[in-house]
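Comments concern the structure below.
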């Protein structure tokens, strides 16, 4: 259920930026979602289809990119992927680590149409 307010925020942000750019329509949204974020693609899509109705974002395609989990060793600064077996740094074996990637959720970019259908195909990103 926490995906509804998240999706509303994505819609508000995308509408604001699209309107500032003079968009007639939002065609695509690119979302980065970390594997630790607990945000479900299907839920975002479900809510998007409902709340984007009757806006310039209606019918826009959502593109989801999952970001793998990476840790940063606080002792040697090694950045490494989680292997599922241990959190220890592969370089120095320290367990003093923090999440460096994989917990994010953000709207990376949007594609918009700034023309009438009779004009040339110009798309901004």
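The values are calculated or read from the model by the stated rules, or taken from the named source; none is laboratory data. Here the structure is a predicted model, which means the values were calculated and not measured. Backbone-built Cβ (ideal geometry, glycine too); neighbour counts: all protein chains shown.
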For the stretch 74-87, how many residues meet the condition of being part of a loop (DSSP other than H, G, I, E, B) and modelled with pLDDT of 95 or more? 5
Read through the list (1) exposed (fewer than 15 other Cβ atoms within 10 Å of the Cβ); (2) under 25 Å from residue 103 (Cβ atoms); (3) touching a residue at least 12 places away in the same chain (Cβ under 8 Å); (4) in contact with a strand residue (DSSP E or B) (Cβ under 9 Å, 6 or more places away or on another chain), then give the number of the only condition that residue 64 fails. (1)
Given (1) surrounded by fewer than 17 Cβ atoms within 10 Å (Cβ to Cβ); (2) part of a loop (DSSP other than H, G, I, E, B), identify the lone condition not met by residue 57. (1)
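Considering the stretch 7-48 alone, what residues qualify as being closer than 24 Å to residue 113 by Cα, touching a strand residue (DSSP E or B) at 6+ places or on another chain (Cβ under 7 Å) and part of a helix (DSSP H, G or I)? Lay out the reasoning, then the answer.
Here is the first cut: in the stretch 7-48, the residues closer than 24 Å to residue 113 by Cα are 7-32, 44-48.
From what is left, the residues that are touching a strand residue (DSSP E or B) at 6+ places or on another chain (Cβ under 7 Å) are 10, 13-14, 17-18, 21, 23-32, 44-45, 48.
Within the stretch 7-48, 10, 13, 14, 17, 18, 44, 45, 48 meet the criteria.
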Going through (1) under 22 Å from the mean Cα position of the chain (by Cα); (2) touching a residue at least 40 places away in the same chain (Cβ under 8 Å) one by one, residue 114 fails only at (1)
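Considering only residues of the stretch 17-51 that are within 21 Å of residue 2 (Cα to Cα) and more than 17 Å from the chain's Cα centre (by Cα), which is surrounded by the fewest Cβ atoms within 10 Å (Cβ to Cβ)? Break it down into steps so the answer makes sense when it comes.
The first filter runs over the stretch 17-51 and keeps only residues within 21 Å of residue 2 (Cα to Cα), leaving 29-51.
This time we only want the ones that are more than 17 Å from the chain's Cα centre (by Cα), so: 50-51.
Values: 50: 9, 51: 17.
Ranking the candidates gives 50 first.
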